[in-house]
Amino acid sequence: MLTVPIRQHLVSNPLADIEGEVHRRLDALALDPPRGPVAITAGSRGIANIVRITRAAGDWLRTHGAEP
């Protein structure tokens, strides 16, 4: 078996305004969310700030008439 050492260099470019970016990205999709109850699902493995991202998505949905 051949073993090859690998180095990984991750570049971090954190967002200054997570909530604003979530809202901008959802606006860019030009979605028409349904009125009434909706569910939000999220996988948290390896996603930094998942709570803030999910909360921002819920806020965006509320401003567009949905009930997350």
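The C-alpha atoms of the chain define a longest principal axis, and helix 18-28 lies at about 70 degrees to it. Dipole magnitude for the chain: about 260 debye, using +1 per Lys or Arg Cβ and -1 per Asp or Glu Cβ, origin at the Cα centre. With everything on Cα atoms, drop me the angle between helix 50-63 and the longest principal axis of the chain, reported from 0 to 90° to the nearest 10. The angle comes out near 20 degrees. Sorted on the mean count of surrounding Cβ atoms within 10 Å across their residues, most packed first, peptides 13-25, 56-68, 33-45 read 56-68, 13-25, 33-45.
With contacts taken as Cα pairs under 8 Å and at least 6 residues apart, the chain reaches a relative contact order of 39 percent. Rolling a 1.4 angstrom probe over the protein heavy atoms with all chains in place gives the chain an accessible area of 87 Å² per residue. Counting Lys and Arg as +1 and Asp and Glu as -1 over every other residue whose Cβ lies under 15 Å from the Cβ of Asp27, the net charge comes to -2. Summing Lys and Arg as +1 and Asp and Glu as -1 over all other residues whose Cβ lies under 10 Å from the Cβ of Ile18 gives a net charge of -1. Of the accessible area of the chain, computed with a 1.4 Å probe over protein heavy atoms only, carbon and sulfur atoms account for 56 percent.
The values are calculated or read from the model by the stated rules, or taken from the named source; none is laboratory data. It should be emphasised that the depicted structure is a prediction, and the values quoted were computed from it without experimental measurement. Note: ideal-geometry Cβ built from the backbone for every residue, glycine included; neighbour counts use all protein chains shown. Accessible surface areas use protein heavy atoms only, side chains included; no ligands, DNA or RNA. Shrake-Rupley method; radii C 1.70, N 1.55, O 1.52, S 1.80 Å.
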